[in-house]
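Computed from the coordinates by the stated procedures, all read-outs in this text should not be read as laboratory data. Keep in mind the model is a prediction, meaning the values are calculated, not measured. Please note: Cβ atoms are built from the backbone with ideal geometry, for glycine as well, and neighbour counts cover all protein chains shown.
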Amino acid sequence: MAMIASDIEALIRDAFPDAKIAIEDLAGDGDHWSASVESAAFAGRSRVQQHQMVYAALKGRVGGELHALALQTSAPK
Amino acid sequence: MSNPAEPRIVAEITENPVMLYMKGNALMPQCGFSARVVAILNHMKVPFKTANVLEDPLLREGIKQYANWPTVPQLYVKGEFVGGCDIVTEMYQSGELETLLAEKEIAHG
């Protein structure tokens, strides 16, 4: 069962309550998503760490149920 | 949790300054994300070695565990995990990949 944008956003929101989140269905198939997440929690973390934090928020779905998620993370400027 | 692929991974990322774990190989990538990283490395004329996770289920699981990273491709430079497709693309576009290669003294075009 493919995920929907609001599920992805809710999981990210749980972990990063302050985040600005934009989710896009890249292929219109509910299977290839892009997410951009801006949160103060990312300040001082490397890109790898920032993405690991988002993957953790998505609780093992990335690479499985969530087949493809192009991710862009940043801390507020 | 034990990771039977770990000795192999450690040996490969130690022996090969630029090591890419991917689906397929550099000539025939079998996934668009892997293909993109190959294209970037080729474009930068970086010599690199690849391992095909589709040929080895233990490696496919093991590499995810090793880097605590859920997806393939995964790029390693001098033994250090750099990132997956999104991060490599961002770093290429911003010039950081060039800087990293220079810092790690990886010859490239």
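Against chain A, whose longest principal axis is taken from its Cα atoms, helix A:47-57 shows a tilt of about 60°.
The ranking of B:S34, B:S2, A:S34 by Cβ neighbour count inside 10 Å, starting from the fewest, reads B:S2, A:S34, B:S34.
Karplus-derived 3J(HN,Hα) values for the range A:63-75, using 6.51 cos²θ - 1.76 cosθ + 1.60 with θ = phi - 60°, are x, x, 4, 9, 4, 9, 9, 7, 10, 10, 10, 7, 9 Hz; glycine and proline are entered as x. Other residues with beta-carbon under 9 Å from the beta-carbon of A:P76 carry, at +1 per Lys or Arg and -1 per Asp or Glu, a net charge of 0. Close amide H pairs (under 5 Å, H built 1.01 Å from N) link A:T73 with A:V37, residues at least 5 positions away or on another chain. Here chain B carries DSSP beta bridges of which approximately 65% are antiparallel, counting only pairs with both residues inside. At q = 0.13 Å⁻¹, what is the log10 ratio I(q)/I(0) for the range A:5-74, with the Debye formula run over Cα points and no solvent? Each listed q corresponds, in turn, to -0.31. Excluding same-chain neighbours fewer than eight residues apart, the lysines reachable from A:K59 by a Cα-Cα span under 25 Å are A:K20, B:K23, B:K64. Once the Cα atoms are used to define both axes, helix B:85-94 deviates from the longest principal axis of chain B by about 10 degrees. Evaluated on the range B:37-81, the Kirkwood hydrodynamic radius is 11.5 Å, with distances taken between all distinct Cα atoms. Count Lys and Arg as plus one, Asp and Glu as minus one, and take only other residues whose Cβ is under 11 Å from that of B:V88; the net charge is then -1.
Using the rule -39500 (n - 2.57) for each DSSP H run of four or more residues, divided by the residues of the protein assembly as shown, the 222 nm mean residue ellipticity is -11500 deg cm²/dmol. With R₀ set to 30 Å, the beta-carbon distance separating B:L27 from A:A27 gives a calculated FRET efficiency near 0.70.
Applied to the range B:30-46, the Karplus parametrisation 6.51 cos²θ - 1.76 cosθ + 1.60 on θ = phi - 60° returns per-residue 3J(HN,Hα) values of 10, 6, x, 6, 4, 4, 5, 5, 4, 4, 5, 5, 4, 4, 7, 6, 8 Hz, with x for Gly and Pro. Between A:W33 and A:L26, A:A68, A:L69, A:A70, the built amide H atoms are under 5 Å apart, and every one of these is 5 or more places off in sequence or on another chain. Per-residue mean of foreign Cβ neighbours for B:70-83 is 2 (Cβ atoms of other chains, 10 Å radius). Proximity of backbone amide H atoms, modeled 1.01 Å from N, is registered between B:K78 and B:V18, B:M19 at under 5 Å, excluding neighbours fewer than 5 places apart on the same chain.
The largest-to-smallest principal axis extents of the Cα set in the range B:6-103 are 34, 25, 22 Å.
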